[in-house]
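Here's the structure, in structure tokens; my notes come after.
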Amino acid sequence: MTPSRPELNGPRPIPFQAPQGDLAILAGSANPLLAQNIANNLGVSLIPARAHVFSEGNVFVRIKENVRGRDVYVIQGCHFPVNDNFMELLFWIDALRRASAQTVTAVIPFFSYAQGDKKDEPRVSIRARVCADAIEVAGADRVLTMDLHSPQIQGFFRVPVDHLYGRNVICEHVRRLGLKNLVVCSPDVGFAKGAAAYANLLGVPVVIGNKQRTDHSETVQILEVIGDVKDKHVLLVDDLTITGRSLIEMARVLKLRGALDIYAAVTHGVLSKGAAPRIAESDIKRMFITDTIESSFDPLPPNIEVVTVAGLFAQAIRSIHDRTSVSMLFPDGRPMVP
């Protein structure tokens, strides 16, 4: 008679987990205001730290207090100047590892290189994968980010990735407008699932635009709008806008189709040089962006409003630290995965 295997009959062994260290927040130079607001929400002080750029462009970082045995969350977005901010993130991770932090979580509010997620032309780099490898090699145990350009980029990492959505926070502000006959519109088919999630949260229909770009000049042509917008208010949604041209051109076409007021909402307002003035003069009545990006090429006009996501990041960090479910922060509005 073959003896039974004890590991099948007995209780499963509990996976080893290191004891919690003290929760600590370190602010890189890319998102100092967001980092301070996150720390305030968590009731902790920021770790004293310094980042300095020498005259020839060399970046130097230094942590000014003991972090040995602590669980550190370094908040550093990768927006303009993208390469400087990304290299600074790597140096912070490395410095924390060498200072014997127990765990290091890279909190990246905006991961710019997420746009380089595929090889869609001959002899090009998949930049998002290169960056993911670099973050891991530097020593990050985990990544916390928001609204990746393509959610499948999470699979580029071998460490856990927690992916937050800014739409829940944005939709709270949209509801306060009290708009009747509202529809949600995606400027292209690529963000159709995201638009459907916005529409689900707001309880309204969704329409889809179809656009094309023929080169890297950042110009756009709207080919078609799928759905009815006549005599309706429209909320244009996307994960990010750089030049604003997609939203502006779509707003123009929607007006021609009989839409009433046009609103817009994007998580990451990159807004390169000239974008903010273009949006100010466009058919977009009001636009919501979040504070994942703090640098600005132009002053924001009155029709662009910044919505903070500090509370959401703080909740996610607390969930990670306390080992509870981050997905519980998003009970509704998540697009279905085929």
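Brief remarks on what is shown
- Magnitude of the charge dipole, segment 101-218, Cβ model with Lys/Arg +1 and Asp/Glu -1, debye to 20: 320 debye
- Around the Cα centre of the chain, unit charges on the Cβ atoms of Lys, Arg, Asp and Glu (plus for the first two, minus for the last two) sum to a dipole of about 440 debye.
- 10 Å Cβ shell holding at most 10 others, DSSP loop, chymotrypsin sites (Phe, Trp or Tyr not before Pro): longest site-free stretch of the chain: 55-338
- Counting charges near V161 (Lys, Arg +1; Asp, Glu -1) among other residues having Cβ under 14 Å from its Cβ returns a value of -3.
- When only the Cβ of Lys, Arg, Asp and Glu is charged (+1, +1, -1, -1), the dipole of segment 167-307 relative to its Cα centre reaches about 400 debye.
- Loop trypsin sites (Lys or Arg not before Pro), segment 104-193, which have at most 10 other Cβ atoms in a 10 Å radius of their Cβ (DSSP): R123, R158, R176, K180
- Candidates G190, I293, G274 compared by Cα position along the dipole of segment 167-307: farthest toward the positive end lies G190, with charges placed on Cβ.
- Length released on extending from M328 to S272, taking residue separation times 0.36 nm less the Cα-Cα span: 16.7 nm
- Value at 222 nm in deg cm²/dmol, rounded to 500, when DSSP H runs of n ≥ 4 in the chain each add -39,500 (n - 2.57): -8500 deg cm²/dmol
- Nitroxide proxy distance, nm - points 7 Å out along Cα→Cβ at E172 and S295: 2.9 nm
- Across K230/K285; K119/K273; K193/K232, pairs whose alpha-carbon gap is larger than 23 Å: K119/K273
- For the chain, the alpha carbon positions stretch 71, 71, 47 Å along the principal axes, listed from largest to smallest.
Where a number appears in this text, it was derived from the coordinates with a stated rule and is not lab data. If you're wondering where the values come from, they're calculated on a predicted model, not measured in any experiment. Neighbour counts are summed over all protein chains in view; Cβ atoms, including those assigned to glycine, are modelled from backbone coordinates with ideal geometry.
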